[in-house]
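Here is the structure we will look at, set down as structure tokens.
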Amino acid sequence: MTANLPKVECIARARIPTTQGPDIFLHLYTNDQDSKEHLAIVFGEDIRSRSLFRYRYPEETQQERMIRGAYVGKLYPGRVSADVDDRLGLKLEFDPKTGDMLFDKRCVWDEENKTLVRIHSECYTGENAWSARCDCGEQFDRAGKLISLDVEKETGIVGGNGHGVIVYLRQEGRGIGLGEKLKAYNLQDLGADTVQANLMLKHPADGRDFSIGKSILMDLGIKNVRLLTNNPDKISQIEYKPYLTCVERVPMVPIHWTNANEGIDSVEIEGYLRTKIERMGHLLQKPLTLHTHEEQTTTGQI
Ligand SMILES: [Zn+2]
């Protein structure tokens with residue numbers, strides 16, 4: 001069914017306690033398209049990777065499954081079974097012929113659920129070097145916050161209430177790599193905007209590819225996506241009907257727009273957001289339910 005999508009496999013998963021509240025489960029993926037380590041940051045213990053949990057017959061032990069992260073419930077010192085958590089009363093079942101996990105709503109997120117998702121492309125400068133040239137770091141934080149929350153008071157946005165996924169793709173600088181991105185920054189200081197700078201370096205305005213992201217979402221049993229984005233193109237880029245459908249676009253309003261005392265405030269970020277809106281068709285507005293793509297492109301932009 002996924003013949004023209006990259007094949008992905010989750011090779012390890014681990015619980016990460018966070019400073020923000022809920023534990024998250026970090027999933028590391030390999031794929032047959034590139035050699036990068038793409039990730040899924042999963043909120044909710046029951047959102048399970050099909051490829052990770054599949055039994056590796058015939059010799060795999062329960063200990064090996066726990067080490068890979070293919071366990072149910074919580075790990076604790078002395079636990080011996082990956083498939084059964086006696087303390088929480090959870091048990092995973094598998095098809096004895098194929099080794100595939102069997103669907104059970106008590107342990108596995110229902111794939112009919114609408115799931116809050118952010119597809120995030122790596123941005124070293126925005127996430128690690130406090131860059132105010134873009135809002136990637138802020139958007140990453142905001143996605144995690146919205147997935148954790150029931151409802152965001154300031155905006156009324158319905159969050160994920162502890163369930164959701166941030167797919168973290170290793171495509172720095174809209175796919176051009178960090179070295180080329182730094183050159184583009186110098187061109188921006190010489191007067192180009194973010195789109196012009198990429199074109200002057202003979203790169204596409206946006207060279208990102210979301211096909212691995214689609215495969216990862218499908219591997220996690222996500223079918224109905226509430227996509228956190230201001231970019232209307234991203235909706236069609238991540239859909240893979242009928243297996244992966246975007247049922248709602250949830251906006252990522254810059255924090256500084258709703259609270260003047262918080263979020264990134266810089267000349268560069270204003271220019272960056274203006275380019276996104278004017279040159280790349282980004283929509284910054286209230287949540288809207290998608291019925292058709294036509295409707296989505298004709299609603300008001302700011
Ligand atoms: Zn960035």
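The values are calculated or read from the model by the stated rules, or taken from the named source; none is laboratory data. These figures come from a predicted structure and were not determined experimentally. As a convention, Cβ positions derive from the backbone with ideal geometry for all residues, glycine included, and neighbour counts pool all protein chains shown. To get the accessible areas, we keep the full protein, side chains included, count just its heavy atoms, and leave off ligands, DNA and RNA. Shrake-Rupley method; radii C 1.70, N 1.55, O 1.52, S 1.80 Å.
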Being under 19 Å from the mean Cα position of the chain (by Cα), farther than 25 Å from GLU239 by Cα and not hydrophobic (A, V, I, L, M, F, W, C) narrows GLU127, GLU154 down to just GLU127
Within the range 227-247, the residues that are more than 15 Å from the chain's Cα centre (by Cα) and either acidic (Asp, Glu) or closer than 21 Å to ASP135 by Cα (or both) are PRO232, ASP233
Counted residues in the range 121-158 being more than 10 Å from the ligand (Cβ to nearest atom) and farther than 21 Å from ASN186 by Cβ come to 18
Being open to solvent by 80 Å² or more (accessible area, probe 1.4 Å) and outside any loop (DSSP other than H, G, I, E, B) narrows ILE41, ILE67, ILE11 down to just ILE67
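Among the listed residues GLY175, GLY164, which satisfies the condition of being among the small types (Gly, Ala, Ser), away from the ligand (no atom under 16 Å from the Cβ) and closer than 25 Å to CYS10 by Cα? Please lay out each step first, then the result.
Details: GLY175 fails: away from the ligand (no atom under 16 Å from the Cβ).
Of GLY175, GLY164, the one residue that is among the small types (Gly, Ala, Ser), away from the ligand (no atom under 16 Å from the Cβ) and closer than 25 Å to CYS10 by Cα is GLY164.
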Pairing a residue in the range 75-87 that is not assigned by the TED database to the domain that holds ARG15 with any residue that is in a loop (DSSP other than H, G, I, E, B) and open to solvent by 70 Å² or more (accessible area, probe 1.4 Å), where Cβ atoms lie under 7 Å and the two sit 6 or more apart in sequence or on different chains, gives ASP85/LYS74
* To do: State whether one or more residues within the range 129-149 are open to solvent by less than 20 Å² (accessible area, probe 1.4 Å), in contact with a helix residue (DSSP H, G or I) (Cβ under 9 Å, 6 or more places away or on another chain), at pLDDT 90 or above and under 26 Å from SER51 (Cβ atoms).
  => no
